[in-house]
Amino acid sequence: MSKSALAFWTIGPGQGELRPEPLNDPQAGDCLIRALYSGISRGTESLVWRGEVPASEYATMRAPFQTGDFPWPVKYGYCSVGLVEEGPTPLLGRAVFCLYPHQTRYRVPATAVHPLPAAVPPGRAVLAALLETAVNGLWDAAPRIGDRIAVIGGGTLGCLCAWLAGRLPGCAVTLIDTNPNRAEIAAALGLAFAAPGAHGADADLVIHASGSPAGLVEALRIAGFESTVLELSWYGTRAVTLPLGQGFHQRRLNLRSSQVGSIAAAQRARWDYHRRLALALSLLDDPVLDRLITGEDSFTDLPAVQARLARGPGDTLMHRIRYP
């Protein structure tokens, strides 16, 4: 069996290439994974692609199996699904999820892989990392039964947050996006849809995931008295200006952040990262989530795909990469 693989590297601003990658020598308890699919997490990977990771966050932004350092060259990614070709007997031949960059084959400790539930097909499991982020966001947001919940930003993360919130009893969830084509996705997920400016200022909870400062301004506008605005977007090196005058203080709004690198405080005493990701994988048993995978390309085309998505993502949500 070959001792090398191919991996995708970002090598400069808007530049990527496939590079040969040596496989580590096997250690006790390791798994050798042959990749089936990976997913492009467009928000974060676009910032990496453009070189917009702040120098202050170079250490905290490292992916679990990242190679290289920001800004470039760097092997980055965290949505990989593959088959275990070598490893502990209970895992041999199993389809697994791993927080690994885009690479054809790789060797990792068995503790780093997560077997897929029987009801979750490998092609859908590329959503696991973003669903884990959405789970953590809902934990931080702490919605209540019957809440009016608005989710601003109909990207993959926003759709997953809205879908999770929509499963809470009595909650009325509205997905808000500038792209009217997101209305079809919202309907498939069982959600209401609105354009910016069309939602009243009465939301019990607002989750912002658009990645746009204008979206966060809209979130503050529609938040009801003493409600929470949860910020899930990450802006990299961009500065964000907010209208914290006007009614922000009079309405006693709560603006808080959420980030998947730390488990939400209310759960931290009992949950670890492995349990949280296992939960996310178990929630992927709903076929409606296939609607969030809007395109697929071959791994050999990945440098061109990353460049294309950076230029104009259009209606892309999760873009899936297929391996030979």
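At a glance:
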quantity: Residue list for segment 89-102, restricted to those being touching a helix residue (DSSP H, G or I) at 6+ places or on another chain (Cβ under 9 Å) and under 18 Å from residue 23 (Cα atoms); calculated: 98, 99, 100, 102
quantity: Search result, residues across segment 159-189 that are of a type outside the set (Val, Ile, Thr), free of Cβ contacts under 8 Å to residues at least 60 places away in the same chain and either closer than 22 Å to residue 139 by Cβ or assigned to a loop (DSSP other than H, G, I, E, B) (or both); calculated: 162, 165, 166, 167, 168, 169, 170, 171, 172, 175, 177, 180
quantity: Pick from segment 138-187, criterion under 23 Å from residue 295 (Cα atoms) and of a type in the set (Asp, Glu), ranking: surrounded by the most Cβ atoms within 10 Å (Cβ to Cβ); calculated: 177
quantity: Subset tally (residues that are among the hydrophobic types (A, V, I, L, M, F, W, C) and closer than 18 Å to residue 241 by Cβ) for segment 202-224; calculated: 6
quantity: Every residue from segment 15-44 that is under 25 Å from the mean Cα position of the chain (by Cα), at pLDDT below 95 and of a type outside the set (Lys, Arg); calculated: 41, 43, 44
quantity: Enumeration of residues in segment 274-289 that are surrounded by fewer than 16 Cβ atoms within 10 Å (Cβ to Cβ) and in contact with a helix residue (DSSP H, G or I) (Cβ under 9 Å, 6 or more places away or on another chain); calculated: 274, 279, 286, 288
quantity: Filter pass, residue 3 being at pLDDT 95 or above and of a type outside the set (Phe, Trp, Tyr); calculated: no
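The values are calculated or read from the model by the stated rules, or taken from the named source; none is laboratory data. The shown structure was predicted, so the numbers you read here are calculated from the model rather than taken from an experiment. Methodologically, a virtual Cβ is constructed for each residue, glycine included, from the backbone with ideal geometry; neighbour enumeration extends over all protein chains shown.
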